[in-house]
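Participant: Next up is a structure, given as structure tokens.
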Amino acid sequence: MTGHDGRIAELLDEMTVAEKADLITGDGIWTTRAVERLSIPAMTVTDGPNGARGGGLMGTGTPTACIPAGSVLGATWDPDLLEELGALLGDESAVKGANVLLAPTINLHRNPLGGRNFECYSEDPVLTGVLAAGFIRGVQSRNVAVTAKHFVANDSEFERNTIDSQVDERTLREVYMLPFEYAVKEGGAWGIMSSYNRVNGIFASEHDWLLGTVLRDQWGFDGFVVSDWFAVRSTGPSIAAGLSLEMPGRGQWYGPKRIMEALDSGACDENDLDRIVVDMLTVLDRTGAFDGVGGGDEGQLDRVEDRALIRRAAAEGTVLIKNDGFLPLDTSSLSSLAVIGPNAQAAKIMGGGSAAVRPYRNISPLAALTDRFNIEVRHAHGCNIDRSTPPVGAPFISPLETEFFKGFDQSDAATASKAYETADFKFFGSPADGIDGGEYSFTATTSLTVDFTGPYELTLVQNGRTKVFIDGTVVIDATEGDFGRGDDFFGLGSGEITGVIDLTAGRSAEMEIHYSSEGGVMILGCKVGLRSLGKRDLISEAEIVAASADAAVVVVGTNDDWETEGRDRDSFALPGQQEELIRRVCAANPNTVVVVNVGGPHDMGWMDAPRAVLNIGFAGQELGDALVDVLVGDVDPGGRMPTTIPARYEHSPAYLNYPGENSVVRYGEGLYVGYRWFDARHIDPVVPFGHGLSYATFAWDNARVSGSGSTAFSDPVVIEVDVTNTSGRAGSDVVQLYVEPPPSLLHRPVRELKGFAKIRLDAGETGTVRIELNERSFAYFDPGDQFYDSIPDTSPVPRERGERHSEPGWYVTPGSYGLVVARSSVDHVAELPYLLNGNEFRIDP
């Protein structure tokens, strides 16, 4: 036994049942309980997948690095880059005082409308798993634990707290659990987060087969399992299944009283309890908590090298979908540029919900293009896309100077002060040092300046009580009355409350927001928005601006109100009149590039109109500068699509089974998620999985495979391809390897991604890509027919006793496999035959 294991064993022996119960029960929103008698410290956790937020909620915490969202990371196809980004977030977690980063999100893009698609990497489990493993290694290299989430089949937001995801075992094994298997086996994850939903009738947080049989017994996971927040539904069954930690505190189902009752009733035993106590002691040990790591004041890094890394990652995840030679822009031939679109002046760098952070920087495409080009840059908004009124922010207001007070009356001096970039205040617990999380108030003051004279509607959504003043006059008083319920604040906020004011373009007005948490519950705060009531033909304005310029950049997309935790999207189409905007601007100026600033797949039926299309996604805090880098050709757009974009929403694999009904969602498409469905059904997507162009050109030659004809996998199967950059500039390419199986006992997809490699080459340079496959690359999972032999054959006509497996497991079928070397799921460069001799054999599950 090692010294660390010995310390854990000694502590376990000394702990009382009550102390064990304390250890596995959260204390606060982001902290666990300490066992002071034995000097066992508390542990601090932080969201999330694209930034370590600290103690704030949904973008209101301490400023931090905001890396690209998961769907952009998926588009990089670069696990080494994700390892670098993981290390950065490990550093940010540490400086925020956190021992655990609640990331990565590795559910799959099952349906285009999934509300959290932006958080997830891809539709493909292998791409997701390989990238996740790299990210995890990076985070944990800083002695910060991860919690790969959400385990499992939590692939939409519809009724997410209760929905029963009904998925057959084969589909679970081959598709939805596979990224988590990579996280455990290749990434060495120290933590897993269970999901809210039920899986085949059992809540994931108490699912013994998932958390015990598969995760621990078969995969060898030796970390801790934390519940999603408020997801625990039982005491004894959760402990027996192996749920190590209930969050947040102070415990609804765990805690000494509940656990003693569960032990006394036999719902679990002390061995079950000890097992998860060891999980918690282990993560405390691994993250240095026993040595004083974690907790304390939150700090900031904002290092120059981190900005450069995030900027590089944004470009590496930018997909050049279409280009007729228009890009990169020849700036020497331009004297004017039109920058148009609802996301041009305020790009969206992240989605909504628990992944949202308060970024160090957010430079819009308009600002970045204006700063970089020594030409006339003309702007038009184009159209509105707001689902609800967005919080007012730059460039219309200055930072909101905010003073926090203990209690509601503000008679004493302010206890703390902060500055906020937008009028969006959401707090889950204490909003500032020295302020109790239940009873407080604040006053926020800013200068408001609009660019269009006329009437405006001021809007308010609150969880608490709020007054809003303009130049000392009350415009909204929402301190009394019932204002209904809306979608914001995770469904806890009021409906939208409004007031009308007249504002003059260029004239500054003082805005004050007076807020009290009185009457609010759980997620407290307010959101103040502003929208013009004046009549403007925004698309016609955009046409005029576009026609007067040498070229146009149109930035379309969504925002964190459309793509967010807590609800799925309403529509496959881009919101508002964006398709009409694209077509009319392209007609006014044929030299137009469209930049797509979305988190998940959207309709791209307009793609025939522009000369070039870039998908930049929610690319993090350096989005603006990274976009200009790509537009002018300073860097190559390195992305490849991580998800198939269908020509119609109805072509989506899960269309007939989505989002669910009667508290059940059936994964009726089975294995055929993403490109597997399109291949099997011979449906042409508008953008194939894996597609992406480069400014450079590449020739692939001499594709070859080792070991054909072998009967075993003592050595990896190695595929190599020589790649030559045939252009005059540096660039990157992605070699994708798909495996086509021979006829097998069970049906199998036409082909599946089993390996990939990204290569960067200078002009004229040649390099060799090497991809390794193992026995699992050729296997399929058969849950086995365990009932066939037990069914009596009473029919007068003898039944055919077809071949089948009675034992579940991974099986490898002999025969001729096709190893497809490809640029995308539909662009195949070479097919290498691989002959596997011998008999079918089984790999233990």
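The values are calculated or read from the model by the stated rules, or taken from the named source; none is laboratory data. Values in this document were obtained by computation on a predicted structure and should not be read as measured data. Please note: Cβ atoms are built from the backbone with ideal geometry, for glycine as well, and neighbour counts cover all protein chains shown. Calculation scope for accessible area: heavy atoms of the full protein, side chains included, ligands and nucleic acids excluded. Shrake-Rupley method; radii C 1.70, N 1.55, O 1.52, S 1.80 Å.
Participant: Tell me, what ³J(HN,Hα) does each residue in the range 15-29 have, in order and in whole Hz, if you take phi through Karplus 6.51 cos²θ - 1.76 cosθ + 1.60 with θ = phi - 60° and put x for Gly and Pro?
Facilitator: In residue order, the calculated couplings are 6, 7, 4, 5, 5, 4, 4, 4, 5, 9, 10, x, 9, x, 5 Hz.
Participant: Extending each Cα 7 Å along its Cβ direction at Ala573 and Ser714, get the distance between those two points in nm, one decimal.
Facilitator: Taking the simple label geometry, Ala573 and Ser714 are separated by 6.3 nm.
Participant: Quick query: amide H of Ala52 versus all other amide H atoms, modeled in the peptide plane; which residues come in under 5 Å with a sequence gap of 5 or more or a different chain?
Facilitator: Ala65
Participant: Another question, then. Pairs of Cα atoms under 8 Å, at least six residues apart: use those to get the relative contact order of the range 637-705, whole percent.
Facilitator: Values: 72 pairs, mean separation 32.4, N = 69.
Computed value for the range 637-705: 47 percent relative contact order.
Participant: Pull up all non-local amide H partners of Ala416: gap of 5 or more, or a different chain, and H-to-H distance under 5 Å with H placed in the peptide plane.
Facilitator: Residues meeting the criterion, in which the H sits 1.01 Å from N, are Phe404.
Participant: Moving to a separate point now. Would you mind working out the accessible area per residue for the chain, using a 1.4 Å probe, and quoting it in Å²?
Facilitator: About 36 Å² of surface per residue is accessible.
Participant: For the range 20-99 and the range 313-379, compute the distance between their C-alpha centroids and round to whole Å.
Facilitator: One Cα centre to the other: 29 Å.
Participant: If you don't mind, there's one more thing I want to ask. Multiply the residue gap between Asp487 and Asn662 by 0.36 nm, knock off their C-alpha separation, and tell me the result in nm, one decimal place.
Facilitator: Full-extension gain reported as 60.9 nm.
Participant: While we're on this one: What's the carbon and sulfur percent of the range 592-705's accessible surface, probe 1.4 angstrom, rounded to a whole number?
Facilitator: Summing carbon and sulfur atoms, their accessible area is 45 percent of the total for the range 592-705.
Participant: Okay, moving on. Which order do you get for Lys406, Lys185, Lys758, Lys418 if you rank them by accessible area with a 1.4 Å probe, largest at the top?
Facilitator: Lys406, Lys185, Lys418, Lys758
Participant: A follow-up question, please. Of Val545, Phe841, Ser234, which is farthest along the charge dipole of the chain in the positive direction, counting Lys and Arg as +1 and Asp and Glu as -1 at C-beta?
Facilitator: In the chain, that residue is Val545.
Participant: Assuming a ≥ b ≥ c are the square roots of the Cα gyration tensor eigenvalues, decide whether the range 1-147 counts as rounded (a/c under 1.5), prolate (otherwise, with a/b larger than b/c) or oblate.
Facilitator: Cα axes put the range 1-147 in the prolate bin.
Participant: Also, quick follow-up: Rounded to the nearest 20 Debye, what is the dipole magnitude of the range 1-154 about its Cα centre when Lys and Arg each give +1 and Asp and Glu each give -1 at the C-beta?
Facilitator: My answer is approximately 320 debye.
Participant: If you don't mind, another one. Heavy-atom accessible area of Ser417 with all protein chains present, probe 1.4 Å, nearest 10 Å²?
Facilitator: 90
Participant: Once neighbouring chains are kept in place and the probe is 1.4 Å, which whole percent of the accessible area of the range 440-565 is contributed by carbon and sulfur?
Facilitator: Result for the range 440-565: 47 percent of the exposed heavy-atom area is carbon or sulfur.
Participant: Here's something else I'd like to know. Using the alpha-carbon centroid of each, what span in Å lies between the range 523-544 and the range 746-770?
Facilitator: 45
Participant: Does the range 130-258 classify as rounded, prolate or oblate by the C-alpha gyration tensor (a ≥ b ≥ c root eigenvalues; a/c under 1.5 gives rounded; else a/b over b/c gives prolate, otherwise oblate)?
Facilitator: oblate
Participant: Further question: Pick out, from Leu73, Val468, Val598, the residue whose Cα sits farthest towards the positive end of the charge dipole of the chain, with +1 on the Cβ of Lys and Arg and -1 on the Cβ of Asp and Glu.
Facilitator: Val598
Participant: Rounding to the nearest 20 debye, state how big the charge dipole of the chain is about its Cα centre with +1 on each Lys and Arg Cβ and -1 on each Asp and Glu Cβ.
Facilitator: 1100
Participant: Here's something else I'd like to know. What number, in percent, do you get for the relative contact order of the range 183-341 if the mean sequence gap of Cα pairs under 8 Å and at least 6 apart is divided by its residue count?
Facilitator: 17
Participant: Would you mind calculating the gained length between Leu745 and Ala830 on full extension (0.36 nm times residue separation, minus the Cα-Cα distance), in nm to one decimal?
Facilitator: That pair, Leu745 and Ala830, stretches by 27.9 nm at full extension.
Participant: Give me the distance in nm between label points sitting 7 Å out from Cα along the Cα-to-Cβ direction at Thr449 and Arg378, one decimal.
Facilitator: Modelled inter-label distance: 2.4 nm.
Participant: Next up: If DNA, RNA and ligands are ignored and the probe is 1.4 Å, what is the ranking of Thr697, Thr46 by accessible area, most exposed first?
Facilitator: Thr697, Thr46
Participant: Defining a contact as two alpha carbons under 8 Å apart and six or more residues distant in sequence, what relative contact order in percent does the chain show?
Facilitator: Values: 2219 pairs, mean separation 119.8, N = 845.
Rounded, it is 14 percent for the chain.
Participant: A follow-up question, please. Could you check the spin-label model distance between His682 and His805? Points 7 Å from the Cα along Cα→Cβ, value in nm.
Facilitator: Computed distance between label sites His682 and His805 equals 3.1 nm.
Participant: Turning to a different aspect of this structure: If ligands, DNA and RNA are left out, what is the accessible area of Glu840 with a 1.4 Å probe, given in Å² to the nearest 10?
Facilitator: Using a 1.4 Å probe on the heavy atoms, I get roughly 60 Å².
Participant: Asp634 to Arg842: extension gain in nm, 0.36 nm per residue of separation minus the Cα-Cα distance?
Facilitator: Full extension from Asp634 to Arg842 adds 69.8 nm.
Participant: Can you tell me how the range 568-696 classifies by the Cα gyration tensor, rounded, prolate or oblate, using a/c under 1.5 as the rounded cut?
Facilitator: On the way: a/c = 1.95, a/b = 1.71, b/c = 1.14.
Here the range 568-696 falls in the prolate category.
Participant: Could you compute how much accessible surface His514 exposes when probed at 1.4 Å, giving the result in Å² to the nearest 10?
Facilitator: Surface accessible to solvent at His514 totals approximately 60 Å².
Participant: Related question: May I ask you to evaluate 6.51 cos²θ - 1.76 cosθ + 1.60, the Karplus curve with θ = phi - 60°, for each residue of the range 730-742 and list the ³J(HN,Hα) values in order in whole Hz, giving x for glycine and proline?
Facilitator: 6, x, 10, 9, 10, 8, 10, 10, 10, 10, 9, x, x
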